[in-house]
Amino acid sequence: MLAITSKQRAYLRAMNNVLEPTLYIGKENITPNTVTEADLLLEAREIIKCAVQRGAQITAREACETLAEELDAAPVQCIGNRFCLYRPKRKSDPVIQLPR
């Protein structure tokens, strides 16, 4: 799992406030397709907001931890049924410049 400082986390949380969820986790919970989709979204955007739908048998915190470990991403925030993940681009230079 990617480690970020509390100052970096606060910066990313501020960015997260204006985002709409781009990944939804439904009743099938986290499938290989979900992991692939999250990986593609992180490579394209670096920060994604995810939502766990009502029929899912997994909590947002569990989904956040599972995806963060599988994708080597940093969990930014988890509130209610939504959570946010961050991972800098791997194939090119990162777009989001985190504070030190």
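The values are calculated or read from the model by the stated rules, or taken from the named source; none is laboratory data. On a predicted model such as this, the values are computed, not experimentally measured, just so you know. Glycine also receives a Cβ, built like all others from the backbone with ideal geometry; neighbour counts cover every protein chain displayed.
Please determine, by comparing only the residues of the stretch 41-86 that are of a type in the set (Lys, Arg) and out of contact with any strand residue (DSSP E or B) (no Cβ under 7 Å at 6 or more places or on another chain), which one is nearest to Asn29 (Cα to Cα). Let's see the steps before the verdict.
Applying the first criterion (of a type in the set (Lys, Arg)) to the stretch 41-86 yields 45, 49, 54, 61, 82.
With out of contact with any strand residue (DSSP E or B) (no Cβ under 7 Å at 6 or more places or on another chain) added as a condition, the list becomes 45, 54.
On the way: Arg45: 23, Arg54: 11 Å.
Step by step, filter the stretch 41-86, then rank; the result is Arg54.
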Filter the stretch 1-60 for residues that are more than 12 Å from Leu85 (Cα to Cα), within 15 Å of the chain's Cα centre (by Cα) and acidic (Asp, Glu); which is surrounded by the most Cβ atoms within 10 Å (Cβ to Cβ)?
Glu37
Among the residues of the stretch 78-100, the number that are part of a strand (DSSP E or B) and among the charged types (D, E, K, R) is 1
Under the condition of being charged (D, E, K, R) and at pLDDT 90 or above, which residue from the stretch 72-100 is nearest to Cys50 (Cα to Cα)?
Arg82
Would you pick out the residues in the stretch 32-77 that are among the β-branched types (Val, Ile, Thr) and either assigned to a loop (DSSP other than H, G, I, E, B) or farther than 19 Å from Ser6 by Cα (or both)?
Thr34, Val35, Thr36, Val52, Ile58, Thr59, Thr66
